[in-house]
Amino acid sequence: MTQVLTLDGVSKSFGGLKVIDGVSFEVPTGSRTALIGPNGAGKSTLFNLISGVYPIDQGRIHALGKDITLMSVPQRVRHGIARSFQNIRLMPHLSTLENVMLGEHHRSHPLQLMGSARATASARRALEDAGLDTFPGQVVADLPYGVQKRIEVVRALMAEPRILLLDEPAAGLNRTETKDLGRLLEGISAKGITLVVVEHDMPFVRHLCNHVVVLNFGCKIFEGTPDDVSRDPAVLEAYLGSAQAMEDSHVA
Amino acid sequence: MSGYLSSLLAMLSINVVIAYAVFMPASAGLLNLGVAGFVLLGAYTAGGLSSLYELPLAPALLAGALMSGLVAFIISFAILRTRGIYMVLATFAFAEVVAGVMLNIPALGGAAGLSVMAYAGLPVVVPCAVGTVIFVAWLMRTRFGLSVRALHDDESVAHLFGVHLRMTQVVAFTVGGAIGGLGGGLLVHQFNFIDVQSTGVLFSIYVLLYVLMGGTQTVWGPLFGALFFTLVPEALRKASELDPSLKFLEGGRYMVFGIAVVLLMMFRPQGVITRTMLEQWLPRRGARRQA
Amino acid sequence: MQLLQQIVNGLMLGGILAFVAVAFTLTIGMLNFLNFTIPALFMIAGMVTWALSSAGPHWLGLGWHWVPAAAVGIGAAVLASLLIERFTYRYMKTRFGDATEHALPLVSSLGFLIIFEHLAVSLWSSDPQRFELPFKITTLEIGGLMFGIPHLISLTLAIVLVAILKAVLERTRLGRALRGIAENPNASSLMGIEVQRIVPLVFVIAGALSAFAGILYAVSYGTVTPFMGDAIATDAIAGMVLGGLGNIWGAIAGGLLVGLVKVLAISTFGAEIEKIPVWGLLLLILIVKPTGLFGQTQLGKGKF
């Protein structure tokens, strides 16, 4: 399978507003794909469509050889797609360990009592691998933002996904934290997991990713390599167009 | 142990059990303003069996808990269809319906209440309270307990990772109901009497308040709440007995409880015992290499 | 004839319930806040009026004429209501940005309920106190049926007040501001509406409604106790839900319906049965049609 995730003519409207308009692209297996575009382009909405939070109006989504368009959210997680969130959605009152352990709950029966010991051990291992093992017992709400962001990634990893969707994982991180995150993600990619990352941090994207999809106003305007992106006229217009408007308003 | 102290301890134990009846659904994010319903079910079932059919205490208590749990299970499907304030009102309505039904069973005494002969003293009540705390503490540490607490924090993300919302809530509600039934059985056999009047709206309100006051983030919150609610008004009453100038404390001893609730909701709505607090107080084995 | 009298009795009780139901529904509709202190406000008015109007060793036993006593009673209840506004509702908003996102105001109001009820206990003891009016005739006979005068007054006042409230809400600037606040308090203040000054008005109205009901209750049943508000408030909540949360005409209808069902059930089956039809119906409505029999108004956030 060369494409692990395929979107085919996907459209979504909220009320009368068409937020995603006939978007099609393919994510190569094992790639590190970036999904970029100006604010409001629909990137997070697309993630919500892929992970199943919203149903799509038109089109189909294929992942890992199956049509997942009608699958429920937990079904998609079981199928192999896990994600992180733009604004961190960890359980604030649970500890690091407990949050991470939650990541693999889909694999057991909802009412299952036992298995905590095994889950705890594998959660500890995952945290160690990510270099986050200094705070297993701490309540996550008390931890620094950058740490929380990485814990969310580890939690998604616990679901043993083949595709990992990351929604602005570097947002709000300082340079060191961003470097740590980059290393973490490279390690994950090295294990064969396909990454799809929504990001605004261009240097981060250029450093990490080998495939780029650009959205603007709900449409795909480019798909290719990071080098080609910065040269594509449509992309430049999409970004610079808004930058120009900003400049104009400053002058006026 | 003096009679006064032993009855105080008995009251405390019963309050602890009933606290956990409210804690169970609360830990899954469900506010139960009708725990009196489960307490009445357990009390009348256990009391009825022990006085009318002369069942020994232990099976009677068990029957009370099971009956209450069964009703909780059945009603949970209906109640869990409601949300937010409607759910609070539904639990409230449920308790009133139970009270109404109990009032109309002449064999159980009707409005005059039910008197029972069998007595549950400290050797019964205290182990039940301790057992309840241990059970709930264990339950919250299992995978299921983690699901419950995850649900409380963030329903949609918990659902995403495979936590089954409805099933988890049903079980939490049912277990809470069963514990409430146990509390009711203990109550009727400790005081040898139960009636609908004294176990009504205010009763449910008090329990909910002291559980929320203790905090629903950890298993120890309700214990603290029960301790506060049982001991502080008593301490105030004793103080006013010893020092007549403090007479006003006697009438107002529950006022202190109300004031504590209001202040807590203003300054520390998570309750007195929070997870962060627990983390800071208890030594943690394992990786806490940071200061 | 017997049945007709029972129907009248039910409507009379319903008249008082309607008043309290409107207080509840107004607070929930306008502020998304289930105010459990309303039974205490009901009681404060009743007990203060009794205390002041009877001479005795108890606190405030000054033996006044009942009219100024009632005025002070109402004033005390309104003041208490404003206290709740300040420390429960407004505090929650300033501290947490949104009072409606949590059950906190509900819980806090429960705390105040305990405070007020036990304050009354410590001031006047928990014994029931007889409340006597200087005039004896409290019933009116029309066509062979007995109508309680206080109940009639209550019902009439409730209808008139709700008509006025509705008119204010729908036709005046203040009303529009109130409805804006009910929808979205933050947007409203961003548009220049003085939320901080208008919200207390809702609490004043709710407090006054509860107070009136409390005094009317005391006059018609002749007894006051620190816990007199509990049973009435419980039934009023039932009336509120039946009528639809936030629907003030619905609250009147709901209050009347509850009164009717109660009295008819008692007269048909005996006193013990009354809880079952009322609360069974309520539970059913909550599960099947939570918007009530008459549909609710738009609630702020649909949460607590």
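Odds and ends about this structure:
- Applying a DSSP loop filter and a limit of 11 other Cβ atoms within 10 Å to the GluC sites (Glu not before Pro) in region B:152-259 leaves nothing.
- Of the trypsin sites (Lys or Arg not before Pro) found in region B:162-258, those in coil by DSSP whose Cβ has at most 14 other Cβ atoms within 10 Å are B:247.
- Counting Cβ atoms of other protein chains within 10 Å of each Cβ in A:110-116 and taking the mean gives 6.
- Under 5 Å between amide hydrogens, built in the peptide plane, is the criterion, and for residue B:193 it picks out B:116 among residues at least 5 positions away or on other chains.
- Electrostatic tally near residue B:231: other residues with Cβ closer than 13 Å to its Cβ, Lys and Arg +1, Asp and Glu -1, net +2.
- Over the residues of the protein assembly as shown, the helix contribution to mean residue ellipticity at 222 nm works out to -20000 deg cm²/dmol, using -39500 (n - 2.57) for each DSSP H run of at least 4.
- FRET efficiency for residue B:245 and residue C:62, using Cβ-Cβ distance with R0 set to 30 Å, rounded to 0.05: 0.75
- Span from the region A:13-82 Cα centroid across to the region C:241-294 one, whole angstrom: 48
- Ordering C:50, B:281, B:138, C:64 by the number of other Cβ atoms within 10 Å of each residue's own Cβ, fewest first, gives B:281, B:138, C:64, C:50.
- Volume per residue of the convex hull around the Cα atoms, evaluated for chain B, comes out as 162 Å³.
- Between the beta carbons of residue C:269 and residue B:83, assuming R0 = 25 Å, the FRET efficiency works out to 0.15 to the nearest 0.05.
- Restricting region C:200-304 to trypsin sites (Lys or Arg not before Pro) in coil, as DSSP defines it, with at most 10 other Cβ within 10 Å: none
- Student exercise, chain C dipole from Lys, Arg, Asp, Glu Cβ charges, in Debye to nearest 20: 780
- Student exercise, region A:164-207 dipole from Lys, Arg, Asp, Glu Cβ charges, in Debye to nearest 20: 220
- Computed from label points 7 Å out along Cα-Cβ, the spacing between residue C:4 and residue C:170 is 3.4 nm.
- Residues in region A:85-92 carry Karplus couplings, in order, of 10, 5, 9, 3, 10, 8, 7, x Hz; the curve used is 6.51 cos²θ - 1.76 cosθ + 1.60 with θ = phi - 60°, and Gly or Pro positions show x.
- Using the Cβ of residue A:145 as centre and a radius below 12 Å, the other residues enclosed give a net charge of -1, where K and R count +1 and D and E count -1.
- Other residues with beta-carbon under 14 Å from the beta-carbon of residue C:225 carry, at +1 per Lys or Arg and -1 per Asp or Glu, a net charge of -2.
- Fluctuation leader among C:172, C:223, C:291 - chain C, Gaussian network, Cα springs under 10 angstrom: C:172
- Largest GNM mean-square fluctuation among C:204, C:107, C:288, using chain C with Cα springs under 10 Å: C:288.
- About its Cα centre, the dipole of the protein assembly as shown is roughly 640 debye, where the only charges are +1 on Lys and Arg Cβ and -1 on Asp and Glu Cβ.
- Mean-position separation - Cα centroids, region A:105-119 and region C:124-199, in angstrom: 55
- Protection proxy ranking of B:139-151, B:12-24, by the mean of other Cβ atoms within 10 Å over each peptide's residues and highest first, is B:12-24, B:139-151.
- Classified by the C-alpha gyration tensor, region B:1-124 has an oblate form. Its axis ratio a/c, with a ≥ b ≥ c, is 1.5 or above, and a/b does not exceed b/c.
- Judged by the gyration tensor of its Cα atoms, with axes a ≥ b ≥ c, the protein assembly as shown is prolate; a/c meets the 1.5 cut and a/b is the larger of a/b and b/c.
- Descending Cα extents along the principal axes, region C:236-291, whole Å: 33, 22, 12
- For the peptide B:100-107, the mean number of other protein chain Cβ atoms found within 10 angstrom of a residue's Cβ is 4.
- Between residue B:104 and residue B:141, the simple label model (points 7 Å from Cα in the Cβ direction) yields a spacing of 4.7 nm.
- Prolate/oblate/rounded call for region A:1-92, Cα gyration tensor, a/c under 1.5 rounded: rounded
- Beta bridges from DSSP with both residues in region A:3-251: antiparallel share about 55 percent, rounded to the nearest 5.
- Cβ crowding within 10 Å averaged over residues, with B:28-36, B:121-129 ranked highest first: B:28-36, B:121-129
- DSSP bridge pairs, the protein assembly as shown: antiparallel proportion in percent, nearest 5: 65
- Ranking C:46, C:60, C:8 by how far each Cα lies toward the positive end of the dipole of region C:1-123 (charges on Cβ) leaves C:60 at the top.
- The residue among C:118, C:200, A:16 whose Cα reaches farthest toward the positive pole of the charge dipole of the protein assembly as shown, with charges on the beta-carbon of Lys, Arg, Asp and Glu, is A:16.
- FRET efficiency estimate (nearest 0.05) - Cβ-Cβ, residue A:160 to residue A:234, R0 45 angstrom: 0.75
- Taking A:203, A:161, A:136 in turn, the Gaussian network model of chain A (Cα-Cα springs below 10 Å) assigns the largest fluctuation to A:203.
- Each of B:231, B:254, B:273 was scored by the projection of its Cα onto the charge dipole of region B:139-291, and the greatest displacement toward the positive side belongs to B:273; charges sit on the C-beta of Lys, Arg, Asp and Glu.
- Spin-label pair residue B:167/residue B:58, simplified geometry with 7 Å Cα→Cβ offset, distance in nm: 3.3
- Residue-averaged beta-carbon neighbours from other chains (10 angstrom radius) around B:206-219: 2
The numbers here are math on the coordinates, done by the rules we state, and not lab data. These numbers come from a predicted model, not from an experiment. Every residue, glycine as well, gets a Cβ built from its backbone with ideal geometry; the counts of neighbours run over all protein chains shown.
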